[in-house]
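A short write-up of the structure that comes next.
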Amino acid sequence: MIKKTFLALGLMTILFPVVAFASDPTATLDMGLNSLWVMLAFILVLLMQGGFILLEAGSTRMKNAGHVAGKTIFTVGLAALIYWAFGYGIAFGGDSSIAQFIGWGDFFFDPQLAAEEGDSYPNGVFFLFQLAFAAISLSIAWGGFAERAKLSSYIVFTLFFVGLIYPTVAHWIWGGGWLAEDGAQDFAGSTVVHLTGALAAFAATVLLKPRIGKFNKDGSANEILGHNQVFTALSVLLLWVGWFGFNAGSTVAIGDGFFTYVAFTTMLGAGGGGVAALLISWAVTGKADITTMLNGTLAGLVAITASCAFVDPWAAVVIGLVAGVLVFYSVKMFEKFKVDDPIYALSVHGMAGIWGTLANGIFATQELADKVGIGTGGLIDTGSWKQLWVQFESVVVVGIFVLVASFLVLGVMKKIMGFRVTEEQEIIGLDLSEHGAYGYPEQLKKPGQGIQG
């Protein structure tokens, strides 16, 4: 045991030389392990972008696949620059007279070269972790743009979403803002990340209007099938794995091993969502729909994201089960209202995000709330409606802000530059019309034969 301890300390000396001679070797070891854990969590969350590429590409037609992949990589890179320059300062900036409402400081963020004595980890690794969350919320928003938005619209909206809209919400709940002071519980982002992205997607899909051929004159919907269900299934698996960095990584510490409990409830929530979605689709339609099951799994993950550190295991299962049923019916609801949501972002990330946030007010336990240090126990554990009210407040306030901001930004974009491609470009596909190259070149027929997809 002693030999292993000295070996670990030696490793920390190599990795973190600035703090290697700190007065407390145990603190140095803890800092080093925390830093490695948060960096690993950042990598897992960043790799979730691969899941979003496959999810959106698999759920849409092959004539847009190259566009989906390319714009995702590009916008993540652009998001990194915008978050570095402005977003992080608004989300986690220093004290100011308006600190309850918006952060202000740390613009063009300059990280420490290494952690200082007393720090839990270097601030640079925290920046990277938070950047990955901002990029995930942005990728959720792209669901409302799918198959019909100009590439230029992705560029412009990234500036406003990552530079102002998302960071403001993150500040309110995670950066010491007024909702945090009220005790809003959102451990890893059912509201901050998922609902924010979904509401931006909703604004986009309303202003862009449905894809050509999605709805008939009588209002009935046509199913526009994605071109690769295997891609979609693989995307769910990649996202599921990445979610352990998303949720468990949000402990930002190894400490007493609490991150393993968060991972445990995350797994249960995902399982409940997938099982419930498959069973409800089977019971209602007579067929066990694969797409519904995949969406249910993601919905379970979204729903448990807010409560993974606040609820007992049985409650995690219930939260997932409800999310799986909810996503099945919400997809039908949005189609009824003629909202064209190609990758089901509104149902998976929006409706499940709302449910997951509210679920804290029902299922959170006082013991876990005290451990995390945020809010109180929910209705079942304490008999009090207080936490449920705070959760409801956060959903409503965030919802109004994101919708107003997104409609304003996208409305101005639509007026000034237009952000939907022409009918001809949409029919040809965004691969050719926006990039001049087909994502599946071997599938491109000879001139005059048309294009598959």
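The values are calculated or read from the model by the stated rules, or taken from the named source; none is laboratory data. Remember, it's a predicted structure, so these values are computed and weren't measured experimentally. Reconstructed Cβ throughout: ideal geometry from the backbone, glycine too, with neighbour counts over all protein chains shown. To get the accessible areas, we keep the full protein, side chains included, count just its heavy atoms, and leave off ligands, DNA and RNA. Shrake-Rupley method; radii C 1.70, N 1.55, O 1.52, S 1.80 Å.
Looking at segment 210-219, is at least one residue part of a loop (DSSP other than H, G, I, E, B), closer than 27 Å to Phe419 by Cβ, open to solvent by 40 Å² or more (accessible area, probe 1.4 Å) and in contact (Cβ under 8 Å) with a residue 24 or more places away in the chain? Walk me through how you get there before you give the answer.
Of all residues in segment 210-219, those part of a loop (DSSP other than H, G, I, E, B) come to 210-214, 216-219.
Still in the running and closer than 27 Å to Phe419 by Cβ: 210-214, 216-217, 219.
Filter once more, keeping what is open to solvent by 40 Å² or more (accessible area, probe 1.4 Å): 210, 212-213, 216-217.
In the following step, the residues that additionally are in contact (Cβ under 8 Å) with a residue 24 or more places away in the chain were identified as 210, 212.
Yes: one or more hits.
Listed by first and then second residue, the pairs with beta-carbon distance under 7 Å, at least 6 apart or on different chains, first residue in segment 35-61 and at positive phi, second of a type in the set (Ser, Thr, Tyr) and part of a helix (DSSP H, G or I), form an empty list.
Going through Ala203, Ala188, Ala198, Ala184 one at a time, which residue ends up being farther than 25 Å from Phe244 by Cβ and either open to solvent by less than 10 Å² (accessible area, probe 1.4 Å) or without any contact (Cβ under 8 Å) to a residue 40 or more places away in the chain (or both)? Matching residue, one of Ala203, Ala188, Ala198, Ala184: Ala203.
Yes/no matrix, rows are residues, columns are (1) crowded, with 17+ Cβ neighbours inside 10 Å; (2) within 20 Å of the chain's Cα centre (by Cα); (3) over 20 Å from Leu46 (Cα atoms); (4) modelled with pLDDT of 95 or more:
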site: Ser96; (1), (2), (3), (4): no, no, yes, no
site: Phe101; (1), (2), (3), (4): no, no, yes, no
site: Leu131; (1), (2), (3), (4): yes, yes, no, yes
site: Ile136; (1), (2), (3), (4): yes, yes, no, yes
site: Ser139; (1), (2), (3), (4): yes, yes, no, yes
site: Phe160; (1), (2), (3), (4): yes, yes, yes, yes
site: Ile165; (1), (2), (3), (4): yes, yes, yes, yes
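Please count how many residues of segment 313-354 are within 19 Å of Trp243 (Cα to Cα), in a loop (DSSP other than H, G, I, E, B) and open to solvent by 50 Å² or more (accessible area, probe 1.4 Å). The qualifying residues number 1.
Is it the case, given these coordinates, that Ala263 is crowded, with 19+ Cβ neighbours inside 10 Å and in contact (Cβ under 8 Å) with a residue 12 or more places away in the chain?
Working: crowded, with 19+ Cβ neighbours inside 10 Å: no; in contact (Cβ under 8 Å) with a residue 12 or more places away in the chain: yes.
Against the criterion (crowded, with 19+ Cβ neighbours inside 10 Å and in contact (Cβ under 8 Å) with a residue 12 or more places away in the chain), Ala263 does not qualify.
Picking from residues in segment 137-151 that are in contact with a Leu (Cβ under 8 Å, 6 or more places away or on another chain) and part of a loop (DSSP other than H, G, I, E, B), the one that is farthest from Glu56 (Cα to Cα) is Arg148. Among residues of segment 152-176 that are closer than 20 Å to Ser394 by Cα, those with a beta-carbon under 7 Å from a residue that is charged (D, E, K, R) and not in a helix (DSSP H, G or I) at least six positions away or on a different chain give the pairs Ile173/Asp186. Annotation note: Cβ proximity below 6 Å between a residue of segment 392-403 that is closer than 16 Å to Ile102 by Cβ and a residue that is surrounded by 15 or more Cβ atoms within 10 Å (Cβ to Cβ) (sequence gap 6+ or interchain) occurs for Val398/Val169; Val398/Thr191; Val402/Thr196; Val402/Leu199. Checked against the criterion of being open to solvent by 40 Å² or more (accessible area, probe 1.4 Å), out of contact with any His (no Cβ under 6 Å at 6 or more places or on another chain) and modelled with pLDDT of 85 or more, the candidates Ile53, Ile82, Ile73 yield just one match: Ile73.
Against the numbered list (1) open to solvent by 50 Å² or more (accessible area, probe 1.4 Å); (2) under 12 Å from Ala184 (Cα atoms), Val398 comes up short only at (1).
When you scan segment 363-382, how many residues do you find that are in a helix (DSSP H, G or I) and buried (at least 21 other Cβ atoms within 10 Å of the Cβ)? Number of matching residues: 4.
Whether any residue in segment 292-306 is more than 24 Å from Ile136 (Cα to Cα) and either part of a loop (DSSP other than H, G, I, E, B) or among the aliphatic types (A, V, I, L, M) (or both) is what I want to check.
Going residue by residue through segment 292-306, those that are more than 24 Å from Ile136 (Cα to Cα) are none.
No, the conditions are met nowhere in segment 292-306.
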